[in-house]
Every structure is written in C-alpha cells, then in structure tokens.
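See below for the structure under consideration.
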Amino acid sequence: MTRAVIGSVFMAILLVLYMWVAGYQAFIMMSSGNGVVIAMGIALLVLPLIGVWALIRELSFGIRSGRLIKRLQAENGLPEDTLAHRPSGRTIRESADEEFPLYAAEVEATPESWRAWMRLGLAYDASGDRRRARSAVRTAIAFSKMHPA
C-alpha cells in the first residue's frame, strides 16, 4: 500500500469515529428541549457531514486520477521523466517549467483529449502548481467520461 492510501484509510477511520461521537452528542443535545441547544446539535451533525462529503470527493478524485494514470502508463503515454531532481527526489521547478510548453501546446492542439489534459496536469504538478494540476486532472477526468475507451 502506498502512503497516500494508508493516509486516506486512516483519515476515513478517524472521520467515522468522529461522526459517531458527534452524532451521539448531537442526539443528546437535540433531546434537551432547549431551542439553542437543539440548534447546536443540528450544527454538530451538519459540519461532520460536510467533512464526509469532502472526504468522498477527494477519494473519488484520487481513484479516478489513478485509473487515468494507469491507462496512460499501459499505453506508454506518460511523460518520460527527464527532469532534474534535487537530492531529496523533488523535481527542480525550473527544469519542469522548461518542458511545460510542450504539454500546454498538446492541450491547445487537442482540447478534448483527456490524455493531453492529464499530461498537462502532471506538468503542472511537476512545476509545483497544485491548484492548476488538480484543475487539469479534473478536466481530464471529465473528458475521459465523455470519451470512454
């Protein structure tokens, strides 16, 4: 198991435990008969539900992006790692920035290709731009749903 999977499972277990404790406390609060305490009990249920929604969304993103990476890997479509790395293993950003225009041009040439968007997401990730990387991968996931193999 990878560290990310172990971390995700651990967080899911903690969230379930938290939901049980929060639900129990919310039930006690909603049974009090006091309007303010009942409102607090309802809020105590709503906030963990938002956490569950966020966790499910992140797990779904991770699973779907992992599947697309495996598909690209099976097709030999993953970018070759020719980037310079630090001794810690992290990519040197300037090295990643040099290759970035290749992947941006591929997306411009084939804007509905999930493969192009996935490679662009990987390039953004290598450059350290996590927000744009996630956005590009979400676009790749959406296009892969519209054009399944």
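Read-outs throughout are calculated quantities, based only on the coordinates presented, and are distinct from any laboratory measurement. Treat the numbers as computed from the prediction; the structure is a model and nothing was measured. FYI the Cβ positions are ideal-geometry reconstructions off the backbone, even for glycines, and counts take in every protein chain you see.
Laid out as a table, the results:
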read-out: The chain - percent relative contact order, Cα under 8 Å, separation 6 or more; value: 15
read-out: Rg and Dmax [Cα atoms of the stretch 93-146; Å; Rg one decimal, Dmax integer]; value: 10.4, 34
read-out: Nearest-ten-degree value, helix 130-146 long axis tilted from longest Cα axis of the chain; value: 90
read-out: Of the GluC sites (Glu not before Pro) in the stretch 102-149, those whose Cβ has at most 16 other Cβ within 10 Å and which sit in DSSP loop; value: 112
read-out: Under the Karplus curve 6.51 cos²θ - 1.76 cosθ + 1.60, θ = phi - 60°, whole-Hz ³J(HN,Hα) for the stretch 66-75, x wherever Gly or Pro sits; value: x, 5, 5, 5, 5, 5, 4, 5, 5, 8
read-out: Normalised convex hull volume, the stretch 50-102, alpha-carbon set, Å³ per residue; value: 130
read-out: Mean projected area (nm²) of the alpha-carbon convex hull when the chain is viewed from all directions; value: 12.3
read-out: Cα-based radius of gyration of the stretch 1-79 once divided by 2.2 N^0.38 Å, which approximates compact folds; value: 1.63
